[in-house]
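Quick one: the structure is below, and I'll ask about it shortly.
The values are calculated or read from the model by the stated rules, or taken from the named source; none is laboratory data. Note that the structure is a prediction, hence the values are computed from the model and not measured. Cβ: placed from backbone, ideal geometry, glycine included. Neighbour counts: every protein chain shown. Side chains are part of the model used for accessible areas, which takes the heavy atoms of the whole protein and leaves out ligands, DNA and RNA. Shrake-Rupley method; radii C 1.70, N 1.55, O 1.52, S 1.80 Å.
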Amino acid sequence: MRALALGLISAVALASQAGAEDLLRVGNPSATAFSFVPVNVAMETGIFARNGLKIEYLSFGGDAKLQQAMISGSADIAVASGPAMAFVAKGAPELGIAATAGPPLLLTWSVRADTGIKTVKDLKGTKVAVSTAGSLTDWLPKELARRQGWGPDGITTVHTGGGPPALMAVRNKQVEGWVTGVNQAWDLEAKGEMRTIVKFGDIITDFIMHVTYATNKVIAANPDSVRRFNKSWFEAIKFMRENKAETVKIAAPVIGSDPALTARTYDELMPMFSDTGRFEKKALAVLSRSFVELGTLEKEPDMSKLYTERFLPSAPATN
């Protein structure tokens, strides 16, 4: 009887351990961006749970606030922008663990419909609402201005925090334009409020638009949870590619669009997602240059020290 009791206790303990889930606090810089819908998909379809993860999903107003959460220890994982790698270069206690999206297909430069702006050349001298200083939305219009030869004062970025404050700045005529996601741009175009002038993905092809980051603390304490997060992300990407209807159903309330517009967003943006998470050298070089151009860093960093590929699904398992 004693042996049987001990056996039952051991079985219960093992079952409890097997059923345990590691908690990860995951942050994003924009709750309504299609870029981060894979997290919602992995949550809704049970992918995270099957990989032994419980996710606390948090949203912040831009990369800067998200990085503050990572630094303070109130977030473990960040699904964020490529330009946020500059925070790592400046000493943020984290590493990039996957390059999740390439060209910036998500983002447009849209202007108020009541302006006389019709072409890219008309954007010279205008003000554009972006999320935060040093963010992807801050860099993109400056890169376009550089390519147009307009000089450092060719356009002015206004750091509104993104989302509703940016739209308010547009409607109040504090700015002529807004760097925003395609789904928001299409919605505002349909309402007659705005006009899309630039689709950045058509102009900037070598780029890493989005990167997932993990704090040094979680990497040291539970590296396997980091590996399982990446595994879950790329399983979600595979699910999304194979299940458009279900993805649209999950994404529509997240990005705040009707199913038809969400389906259009799906078609436009799914090509940007990486299936491997690898950090490509050409794209890293563009990012490195952007850090200096934004004034985020005085000189280009050693990019190899800002990320690791050892947690990617294709990497050999290590302890």
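Restricting attention to segment 99-113, which residues are modelled with pLDDT of 95 or more, out of contact with any Asp or Glu (no Cβ under 9 Å at 6 or more places or on another chain) and either of a type outside the set (Val, Ile, Thr) or open to solvent by 10 Å² or more (accessible area, probe 1.4 Å) (or both)?
Residues satisfying the conditions are ALA101, TRP109.
Separate question: Does segment 168-186 contain any residue that is in a helix (DSSP H, G or I), open to solvent by 70 Å² or more (accessible area, probe 1.4 Å) and either in contact with an Asp or Glu (Cβ under 9 Å, 6 or more places away or on another chain) or hydroxyl-bearing (Ser, Thr, Tyr) (or both)? Give the steps one after another, and end with the answer.
Step one: of segment 168-186, the residues in a helix (DSSP H, G or I) are 168-171, 182-186.
Of the ones still in play, those that are also open to solvent by 70 Å² or more (accessible area, probe 1.4 Å) are 168, 171.
Filter once more, keeping what is either in contact with an Asp or Glu (Cβ under 9 Å, 6 or more places away or on another chain) or hydroxyl-bearing (Ser, Thr, Tyr) (or both): 171.
Checked segment 168-186: at least one residue is in a helix (DSSP H, G or I), open to solvent by 70 Å² or more (accessible area, probe 1.4 Å) and either in contact with an Asp or Glu (Cβ under 9 Å, 6 or more places away or on another chain) or hydroxyl-bearing (Ser, Thr, Tyr) (or both).
Sort out which residues of segment 241-275 are of a type outside the set (D, E, K, R), in contact (Cβ under 8 Å) with a residue 60 or more places away in the chain and either within 28 Å of SER314 (Cα to Cα) or not in a helix (DSSP H, G or I) (or both), and write them in order of number. Quick ask: steps written out before the conclusion?
Here is the first cut: in segment 241-275, the residues of a type outside the set (D, E, K, R) are 243, 245, 247-248, 250-257, 259-263, 265-266, 269-274.
Adding the requirement that they be in contact (Cβ under 8 Å) with a residue 60 or more places away in the chain leaves 247, 250-251, 254-257, 261-262, 265-266, 269, 271-274.
Listed by number, the residues that qualify are THR247, ILE250, ALA251, GLY256, SER257, TYR266, LEU269, PRO271, MET272, PHE273, SER274.
Which residue out of ASP275, ASP267, ASP302 is modelled with pLDDT of 95 or more, of a type in the set (Asp, Glu), under 17 Å from the mean Cα position of the chain (by Cα) and surrounded by fewer than 18 Cβ atoms within 10 Å (Cβ to Cβ)? Let's see the steps before the verdict.
Values: ASP267 fails: under 17 Å from the mean Cα position of the chain (by Cα); ASP302 fails: under 17 Å from the mean Cα position of the chain (by Cα).
Checking each option against the conditions leaves just ASP275.
Exactly one condition in (1) surrounded by 15 or more Cβ atoms within 10 Å (Cβ to Cβ); (2) within 26 Å of ALA236 (Cβ to Cβ) is false for LYS54; which is it?
(1)
Of the conditions (1) modelled with pLDDT under 95; (2) crowded, with 17+ Cβ neighbours inside 10 Å, GLY151 satisfies every one except a single condition; which number is it?
With (1) modelled with pLDDT under 95; (2) crowded, with 17+ Cβ neighbours inside 10 Å applied to GLY151, the lone miss is (2).
While we're here: Looking at ASN243, ASN216, ASN230, ASN222, which is the one that is farther than 19 Å from LEU105 by Cα, open to solvent by 60 Å² or more (accessible area, probe 1.4 Å), of a type outside the set (Lys, Arg) and modelled with pLDDT of 95 or more? Step through it out loud before you land on a result.
Numbers: ASN243 fails: open to solvent by 60 Å² or more (accessible area, probe 1.4 Å); ASN230 fails: open to solvent by 60 Å² or more (accessible area, probe 1.4 Å); ASN222 fails: open to solvent by 60 Å² or more (accessible area, probe 1.4 Å).
That would be ASN216, the only listed residue that is farther than 19 Å from LEU105 by Cα, open to solvent by 60 Å² or more (accessible area, probe 1.4 Å), of a type outside the set (Lys, Arg) and modelled with pLDDT of 95 or more.
Shifting gears a bit: Determine, yes or no, whether ARG278 is among the basic types (Lys, Arg), touching a residue at least 40 places away in the same chain (Cβ under 8 Å) and farther than 22 Å from SER30 by Cα. Break it down stepwise before answering.
Details: among the basic types (Lys, Arg): yes; touching a residue at least 40 places away in the same chain (Cβ under 8 Å): yes; farther than 22 Å from SER30 by Cα: yes.
Yes: the conditions hold for ARG278.
How many of the residues making up segment 136-148 are in contact (Cβ under 8 Å) with a residue 60 or more places away in the chain and either of a type in the set (Lys, Arg) or open to solvent by 30 Å² or more (accessible area, probe 1.4 Å) (or both)?
The total comes to 2.
Using the structure shown, decide if ALA236 is hydrophobic (A, V, I, L, M, F, W, C), touching a Pro at 6+ places or on another chain (Cβ under 6 Å), within 19 Å of PRO313 (Cα to Cα) and outside any loop (DSSP other than H, G, I, E, B). Break it down stepwise before answering.
Details: hydrophobic (A, V, I, L, M, F, W, C): yes; touching a Pro at 6+ places or on another chain (Cβ under 6 Å): yes; within 19 Å of PRO313 (Cα to Cα): yes; outside any loop (DSSP other than H, G, I, E, B): yes.
The answer is yes for ALA236.
Starting from residues that are in contact with a helix residue (DSSP H, G or I) (Cβ under 7 Å, 6 or more places away or on another chain), farther than 15 Å from ALA101 by Cβ and at pLDDT 95 or above, keep the ones in segment 187-213 and report whichever is most open to solvent (accessible area, probe 1.4 Å).
This residue is ARG195.
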